[in-house]
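Down below is the structure, laid out as structure tokens.
No value in this document is a laboratory result; all are computed from the given coordinates. Every value quoted in this text rests on a predicted model; they were computed, and no experiment measured them. Cβ coordinates were reconstructed from backbone atoms using ideal geometry, including for glycine residues, and neighbour counts include every protein chain displayed.
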Amino acid sequence: MDNILTDIVNYGTEVHAVADAEVRKLRHDPSEILTRAIQPAIWLVLFGEVMAQVRGLATGNGPYIDFLAPGILAQSVLFAAIFYGIAAIWERDLGVLHRYMVSPAPRSALVLGKAVSSAVRGLSQAIVVYLLALALGIAIDLNPAHLLAVAALIALGSGLFSTFSLIIACIVKTRERFMGIGQVLTMPIFFASNAIYPIDIMPPWLKAISLANPLTYEVDALRALMLTGETSKFGLGVDCGVLLIVSATLVAIATRMYPRMTT
């Protein structure tokens with residue numbers, strides 16, 4: 001039992017070490033948080049206010065901008081996380097990745113460490129979106145338990161998409177190809193979800209894609225937890241279960257592929 005506990009503690013320490021190295025980059029460049037705040041502000045203030053004037057867009061009991069806010073939060077996290085893999089390519093080119101590979105840390109600890117650091121960036125995005133939503137008068141639920149649940153969902157979603165990004169980086173291995181593929185993937189993932197319109201109004205083929213999209217389940221859970229009086233369409237248990245299963249699968253794949261970045 002003592003050996004198992006020691007192994008768990010050591011594993012956690014290794015994950016923390018990798019995550020801390022990544023978070024330090026954010027502390028040294030806090031302007032990144034400000035620049036990333038521009039995109040959700042544009043979507044909420046411009047797109048949200050304009051689309052709120054469109055009649056016939058059934059989004060539930062509340063106004064459209066309330067419906068939109070959780071989707072924009074998920075979008076902000078997605079856009080930040082999906083390009084996270086480019087940092088792995090930089091690390092390989094600078095020789096940092098080789099130092100990681102010769103360390104005694106398990107490869108899964110390296111992958112999880114990067115997922116945790118991405119989660120910290122995602123949480124900074126959540127703070128920005130919450131402040132914007134409150135300023136716009138959106139019916140935000142400030143129940144402490146719901147706030148903690150939202151933080152956990154953001155961390156899980158950010159880790160999921162950053163790990164997906166790492167897998168892409170392991171495949172393409174060059175910054176130019178990665179940027180092209182990242183740009184191709186972000187918009188379909190975003191628009192083929194329930195982030196900016198209800199899944200019920202989608203054509204059948206798009207609805208099928210949306211139901212296979214993990215972002216759909218993240219947004220669904222965020223709406224139930226962020227907005228006063230909202231409920232989950234699929235159930236919070238289903239939403240969290242899908243995100244956990246997809247995350248675990250991607251971590252397993254990334255753990256096998258990550259060492260190939262050095263070749």
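Where does each of 207-218, 69-80, 235-246, 141-152 land if you order them by average Cβ count within 10 Å, highest first?
On the way: 207-218: 19.8, 69-80: 26.7, 235-246: 16.1, 141-152: 14.0.
By packing density, highest mean first, the sequence is 69-80, 207-218, 235-246, 141-152.
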In Å, the Kirkwood estimate of hydrodynamic radius for the stretch 148-204 over Cα pairs equals 13.3 Å
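Ranking Lys114, Lys233 by Cβ neighbours within 10 Å, fewest first, what do you get?
Lys233, Lys114
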Taking N as the residue count of the stretch 165-263, its alpha carbon Rg divided by 2.2 N^0.38 Å gives 1.27
